[in-house]
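Since the structure comes first, as structure tokens, the remarks are kept for the end.
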Amino acid sequence: MYISSLFDQNVTIPPDPRLVAQDETRRAEQLNQPKNLLNKIYSADNSETAIDLAKKYVIGTWTYTGQDTNIGGVTFWHRWIVKEDGTMEVYLRPATADDWGTPKIKHWKIGSSKYTDTGKRYYTFHLDDDWAYALITLDGFFYKLPDTRIEMEKTDRFPFSK
């Protein structure tokens, strides 16, 4: 009777503080990893090293699910799955869709140039058969659109409601 009544109660067992601290440290490292790589890109000794680091930086899944890409009154969301082989899956879906749908396969490359006013170098992410590009800055990864720029987040998000 004692055992069954113990299981009937809502008993909360606190987590082991050592495991919580390890999880928080691991999560902080994961969040800082892209920022650390950006710092390495912009402090690299030569352009070739920086471009190699920029390639590593962009590999992975990037999403944007904000409100700043509005076409004809409809909000669109972006998802890129960037692969090491120079290809990527590009998804562009209205916020009213049920899922990410079928991707377009594109090719990408990293470029570099300098600002005309300051002479400071910057790095870009280009889609080969498109005018579209993204800036790789110390502040993040920004997709340049005709009238705005949006910050892509390195995360695989599923924002659609069912």
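The values are calculated or read from the model by the stated rules, or taken from the named source; none is laboratory data. The structure displayed is predicted, hence computed values, not measured ones. Glycine also receives a Cβ, built like all others from the backbone with ideal geometry; neighbour counts cover every protein chain displayed.
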Exercise. Search the range 39-52 for residues that are part of a helix (DSSP H, G or I) and pair each with any residue that is among the aromatic types (Phe, Trp, Tyr) and surrounded by 13 or more Cβ atoms within 10 Å (Cβ to Cβ) when their beta-carbon atoms are under 8 Å apart and the residues are at least 6 apart or on different chains.
Key: Ile41/Tyr57; Ile41/Tyr123; Ala50/Tyr42; Ala50/Tyr123; Ile51/Tyr123
Quiz item: Considering only residues of the range 52-75 that are surrounded by 18 or more Cβ atoms within 10 Å (Cβ to Cβ) and not polar (S, T, N, Q), which is farthest from Lys35 (Cα to Cα)?
Solution: Tyr64
Quiz item: From the residues in the range 41-51 that are buried (at least 16 other Cβ atoms within 10 Å of the Cβ) and over 16 Å from Asp139 (Cβ atoms), which one is modelled with the lowest pLDDT?
Solution: Ala44
Practice problem: Identify all residues within the range 64-79 that are under 18 Å from Pro146 (Cβ atoms) and in a strand (DSSP E or B); write none if there are none. | Solution: Tyr64, Asn70, Ile71, Val74, Thr75, Phe76, Trp77, His78
Exercise. Give the residues of the range 106-162 that are farther than 15 Å from Glu89 by Cα and among the polar types (S, T, N, Q), sorted by residue number.
Key: Ser112, Ser113, Thr116, Thr118, Thr124, Thr137, Thr148, Ser161
Quiz item: Can you tell me how many residues in the range 80-90 are surrounded by fewer than 17 Cβ atoms within 10 Å (Cβ to Cβ) and touching a residue at least 24 places away in the same chain (Cβ under 8 Å)?
Solution: 2
